[in-house]
Amino acid sequence: QVQLVESGGGLVQAGGSLRLSCTGSGTFGWYAMAWFRQATGKEREFVAGLSWMKTLYADSVLGRFIISRDNAKNTAYLQMNSLEPEDTAVYYCAADPNPESAVTNKDTMHYWGKGTLVTVSS
């Protein structure tokens with residue numbers, strides 16, 4: 001069983017930056033990893049993901065967000081730059097034991113964190 005804990009959320013002004021972290025219990029160096037977000041009243045949506053040999057981003061964050069991982073620390077990161085009010089949401093970290101998992105599909109991700117709130121003020 002893998003437990004994921006997100007951190008790094010908070011309140012930031014538009015144009016600012018935040019870095020989210022997702023630390024997992026156990027070793028998940030080969031797992032597919034992804035970040036999703038859910039705004040109030042909306043469905044959870046894909047933001048960024050790392051699977052075997054692939055790094056994927058939603059069009060809405062391409063060029064502004066960067067996903068990375070440090071396997072030695074069992075941690076994944078989401079660097080968020082040029083934040084916009086539309087980025088306001090609860091951000092969730094997800095992992096799947098299949099390194100080739102379809103990280104853009106929330107239904108294929110096996111483990112989830114509880115989320116961290118990001119609020120971007122205009």
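Checked against (1) open to solvent by 10 Å² or more (accessible area, probe 1.4 Å); (2) at pLDDT 95 or above; (3) closer than 21 Å to ASN105 by Cα; (4) touching a helix residue (DSSP H, G or I) at 6+ places or on another chain (Cβ under 7 Å), PHE36 passes all but condition (1).
For region 95-117, the count of residues that are over 22 Å from GLN1 (Cβ atoms) and assigned to a strand (DSSP E or B) is nonzero.
Among the residues of region 1-16, those identified as in contact with a strand residue (DSSP E or B) (Cβ under 6 Å, 6 or more places away or on another chain) and exposed (fewer than 13 other Cβ atoms within 10 Å of the Cβ) are LEU11, GLN13.
All of ARG69, ARG19 fail the test of being within 14 Å of THR116 (Cα to Cα) and of a type in the set (Lys, Arg), apart from ARG19. Reported count of residues in region 30-52, each being assigned to a strand (DSSP E or B) and of a type in the set (Phe, Trp, Tyr), is 3. Note on region 1-28: residues that are touching a Pro at 6+ places or on another chain (Cβ under 9 Å), within 18 Å of TYR92 (Cβ to Cβ) and not aromatic (Phe, Trp, Tyr) total 1.
Taking every residue in region 99-118 that is without any contact (Cβ under 8 Å) to a residue 24 or more places away in the chain and pairing it with any residue that is of a type in the set (A, V, I, L, M, F, W, C) and open to solvent by 40 Å² or more (accessible area, probe 1.4 Å), at least 6 positions away or on another chain, the pairs with Cβ-Cβ distances below 7 Å are THR108/ALA102.
Just give me the residues in region 64-77 being in contact (Cβ under 8 Å) with a residue 12 or more places away in the chain, outside any strand (DSSP E or B) and either touching a helix residue (DSSP H, G or I) at 6+ places or on another chain (Cβ under 7 Å) or surrounded by fewer than 18 Cβ atoms within 10 Å (Cβ to Cβ) (or both), in sequence order. Passing the criteria: ARG64, ASN71, LYS73.
Residues in region 78-107 that are within 12 Å of PHE36 (Cβ to Cβ) and open to solvent by 50 Å² or more (accessible area, probe 1.4 Å): THR104, ASN105, LYS106, ASP107.
The values are calculated or read from the model by the stated rules, or taken from the named source; none is laboratory data. Bear in mind that the values here come from a model prediction, so they are computed numbers and not experimental data. Cβ sites come from the backbone with ideal geometry, for glycine too, and all protein chains shown count toward neighbours. What goes into the accessible areas is simple: the full protein's heavy atoms, side chains included, and nothing from ligands, DNA or RNA. Shrake-Rupley method; radii C 1.70, N 1.55, O 1.52, S 1.80 Å.
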